[in-house]
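Enquirer: Take this structure, written in structure tokens, and hold onto it; I'll ask about it next.
The values are calculated or read from the model by the stated rules, or taken from the named source; none is laboratory data. Note that this is a predicted model, so its numbers are computed, not measured. Glycine also receives a Cβ, built like all others from the backbone with ideal geometry; neighbour counts cover every protein chain displayed. Ligands, DNA and RNA are stripped out before the accessible areas are found, and what is left, the full protein with its side chains, is counted by its heavy atoms. Shrake-Rupley method; radii C 1.70, N 1.55, O 1.52, S 1.80 Å.
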Amino acid sequence: MAEQKNILFETKDGILYLTISRESKLNALNFNTLEELKNIFNEVNDNKSIRGVIITGAGDKAFVAGADINEISELNELNARKFAEFGQEVFEIIESCHKPVVAVVNGYALGGGCELAIACHMRIATTNAKFGQPEVNLGLIPGYGGTQRLTHLIGRTKATEILMTGDMLDANEAKALGLLNHVEATKEEAIAKAEEILKKIMSKAPLSIGMIVDCVNAVFANDENGYQIEANSFARCVKSEDYREGTKAFLEKRKPNFKGE
Ligand code: COA
């Protein structure tokens, strides 16, 4: 994987660890960082040795404190639309990734940071995490899919309140609303929890995991019939080596050895 300027990465035991690393700006997402995310996730999809991804923010204060306000303070209508469409494209790539992606949210996840977290497949927060969409304080609205994904995730009633007030939620409030999978005391414990979940998923059939992503995403796509996608995916499973291996291993009372084929 090519060196990136704003995102640190390391691969260990099949897990790609990404750290958004602009700590002095609370890891705010500038254009270059978004572009780096896009490049990385395009490679994740193609690289068989990467089986799961953990995204976190550098330091203990912030996951990501939003889009970089320095870059969005002088937009015009044309580049504002491009800005939103590019962010939406990158987050869609993350959401559609066929490897599980877990956000470890340490501190502020505001604006584009909250949108990044909710584009990931799962979220584990530390107790000091704070979630919010404060764009209304800037005369803006979320542009990276936040109005859509937040509403899908926690429902219209609470999402509307959060989007209109710009209020922040702490980790326990976010968990109670269904925004989080787990809350852990420290970043180390949150990463350990993410690793535990990813390792379990990595023991399953990789093609099945990718199909789960497609089927779950289809629930939220207006132009797709999720039941049809589920039936098609189910049918595709039986063409895989892993299907033969999984069923055979069960009957032979042994653990399956999946190859992602
Ligand atoms: N874009 C650019 N820079 C940001 C940023 C953002 N979204 N969020 C924080 N920063 C920068 C600050 O400007 C400051 O930089 P400086 O030291 O060069 O002045 C640095 O990060 C530290 O932030 P600071 O505001 O001093 O920390 P704080 O603890 O007082 O407050 C926050 C933390 C998160 C409450 C506050 O930074 C904030 O409200 N950030 C903006 C959140 C937002 O509106 N996000 C949505 C953007 S669309």
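Enquirer: Which of the residues belonging to segment 156-171 are over 21 Å from Glu196 (Cβ atoms) and surrounded by 13 or more Cβ atoms within 10 Å (Cβ to Cβ)?
Expert: Lys158, Ala159, Thr160, Ile162, Leu163, Thr165, Gly166, Asp167, Met168, Leu169, Asp170
Enquirer: Another question, then. Restricting the first residue to segment 163-184 and requiring it to be assigned by the TED database to the domain that holds Arg123, which pairs with a second residue that is of a type in the set (Gly, Ala, Ser) meet a Cβ separation below 6 Å and a spacing of at least six or different chains?
Expert: Partner pairs satisfying both residue conditions: Met168/Gly132; Ala171/Ala125; Ala171/Ala129; Leu180/Ala125; Leu180/Ala174; Val183/Ala125; Val183/Ala171; Glu184/Ala190.
Enquirer: Within the bounds of segment 227-234, is there any residue that is more than 24 Å from Asp46 (Cα to Cα) and open to solvent by less than 80 Å² (accessible area, probe 1.4 Å)?
Expert: yes
Enquirer: Restricting to segment 34-46, name every residue that is open to solvent by 10 Å² or more (accessible area, probe 1.4 Å) and over 15 Å from His121 (Cβ atoms).
Expert: Glu35, Glu36, Lys38, Asn39, Asn42, Glu43, Asp46
Enquirer: Which pairs do you get when a residue that is at pLDDT below 95, found in segment 240-257, comes within reach of a residue that is of a type outside the set (Lys, Arg), reach meaning Cβ atoms under 6 angstrom, with the pair 6+ apart or on two chains?
Expert: Sorted first by the residue in segment 240-257, then by its partner, the list stays empty.
Enquirer: Looking at Asn172, Asn128, can you tell me which residue is within 16 Å of the ligand (Cβ to nearest atom) and not small (Gly, Ala, Ser)?
Expert: Only one candidate qualifies: Asn128.
Enquirer: I'd like to verify a number: residues in segment 58-96 that are more than 9 Å from the ligand (Cβ to nearest atom), of a type in the set (A, V, I, L, M), farther than 19 Å from Val136 by Cβ and more than 13 Å from the chain's Cα centre (by Cα), how many?
Expert: Total meeting the criteria: 2.
Enquirer: In the list Ile94, Ile54, Ile15, which residue meets the criterion of being more than 20 Å from Ala192 (Cα to Cα) and either among the aliphatic types (A, V, I, L, M) or in the same structural domain as Met211 (by the TED database) (or both)?
Expert: Residue meeting the stated conditions: Ile94.
Enquirer: Going by the structure shown, is Val219 within 30 Å of Ala171 (Cβ to Cβ), under 19 Å from the mean Cα position of the chain (by Cα) and open to solvent by 60 Å² or more (accessible area, probe 1.4 Å)?
Expert: yes
Enquirer: Need a quick list: helices (runs of 4 or more DSSP H) entirely within segment 47-155 having at least 3 residues that are open to solvent by less than 20 Å² (accessible area, probe 1.4 Å).
Expert: 77-95, 112-119
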